[in-house]
Amino acid sequence: MVPFLDLTRALAPLRAEIDAAIARVVSSGRFLNGPEVEAFEAEFAAYVGVDHCVAVSSGTDALAMALRAHYQNSGSNCSTWTPQTGCPATLAGIFLAQGHPVQGDTYGGGSEFAVPVHLYGRLSDVPPAKAVVEDCAQAIGVPGAGVRHTAAWSFYPTKNLGALGDAGAVTTNDIDVAKRVRALSPYGYGPGRMDEIQAAVLRVKLPHVDRWNSERAAIASHYPDNGLRGPTNHHLYPLFFEKGIGGVEKEFLDAGVQVRRYFNDEICLPCFPGMTDAEVERVAAAAHQILNEPWRRL
Ligand SMILES: Cc1ncc(COP(=O)(O)O)c(C=O)c1O
């Protein structure tokens, strides 16, 4: 069976380095607010191409803290547009920040704030709201993502840059926003912090993200066209079915391929660094066959 995702494959060649990074933190006796987090913040800001990064405890917290930083002193009811086709965690971030989500297919102009989501790792349009927080949880390594606005990132283990547990970050070019997020982090808003072990592990993995994303692109090039356009890191490779998903999952399983359904009407194919050529071939053959049944074609 081709697994939907196997995180041990990309980790295996880095195992000694990761173990050494963890051992370094354990020996240091500094587990929070230490040099690993500080170094990771500088390295991740440079990777994204922005001035400031505040490492936090998850992508959801990154969204909530970034939004709270923007809502402060706004004096409005914090009406916040986010796309209809998105991810429940985005809404959770808005609720946690005590904002009022307004969902729609496109930005209607009525909301002061907007949280566009780069779903599946594909760059989406950024609406002309007064303040924007990009949900970049799925968009690590996508050219243009999080460059012009405050952005929230997730290092949930399955993300293109994944920690060994929960972790996230807020990036911004606005020093005041960075300061406000930092002020929320240790007090006032939950735990909020990234710990030293996660930062040390992320520092080992960050230099490999672009190579892993290229590997994902090479895998995706064998799969049927799914109609999505624009820059992407192939965080997920969804296929859409006009007539509903029906028995499609079982057909993939019968072909020896584990697939996954997410929040919208899609089936995601295995697409992760470390897949073997034989696995990619098997997924591609099954996908072409299942998708090409005429009554299913989008
Ligand atoms: C689009 C999107 N936004 C937000 C999140 C929340 O990130 P986390 O799970 O790190 O809280 C995720 C991932 O889980 C996500 O995919």
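The values are calculated or read from the model by the stated rules, or taken from the named source; none is laboratory data. Note that this is a predicted model, so its numbers are computed, not measured. Glycine gets a Cβ as well: all are built from the backbone with ideal geometry, and neighbour counts include every protein chain shown.
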Residue check for residue 206: surrounded by fewer than 19 Cβ atoms within 10 Å (Cβ to Cβ), within 19 Å of the chain's Cα centre (by Cα), modelled with pLDDT of 95 or more and within 14 Å of the ligand (Cβ to nearest atom): no
Of residues in the stretch 48-94 being surrounded by 18 or more Cβ atoms within 10 Å (Cβ to Cβ) and among the hydroxyl-bearing types (Ser, Thr, Tyr), the one farthest from the ligand (Cβ to nearest atom): 71
Filtered residues of the stretch 131-168 (kept if more than 21 Å from residue 6 (Cβ to Cβ), surrounded by fewer than 24 Cβ atoms within 10 Å (Cβ to Cβ) and touching a helix residue (DSSP H, G or I) at 6+ places or on another chain (Cβ under 9 Å)): 131, 132, 142, 147
Enumeration of residues in the stretch 69-97 that are modelled with pLDDT of 95 or more and not aliphatic (A, V, I, L, M): 70, 71, 78, 79, 80, 81, 82, 83, 90, 93, 95
I'm told residue 26 meets every condition in (1) β-branched (Val, Ile, Thr); (2) more than 20 Å from the chain's Cα centre (by Cα); (3) in a loop (DSSP other than H, G, I, E, B) except one. Can you identify the failing condition by its number? (3)
First in the stretch 116-127 and more than 17 Å from residue 264 (Cα to Cα) and without any contact (Cβ under 8 Å) to a residue 40 or more places away in the chain, second anywhere and assigned to a loop (DSSP other than H, G, I, E, B) and away from the ligand (no atom under 11 Å from the Cβ), Cβ under 8 Å, 6 or more apart: 126/148; 126/149
Which one of these does residue 287 not meet: (1) more than 16 Å from residue 221 (Cβ to Cβ); (2) at pLDDT 95 or above? (1)
Output yes when any residue across the stretch 135-155 is outside any loop (DSSP other than H, G, I, E, B), within 12 Å of the ligand (Cβ to nearest atom), within 26 Å of residue 176 (Cβ to Cβ) and charged (D, E, K, R), and no when none is. yes
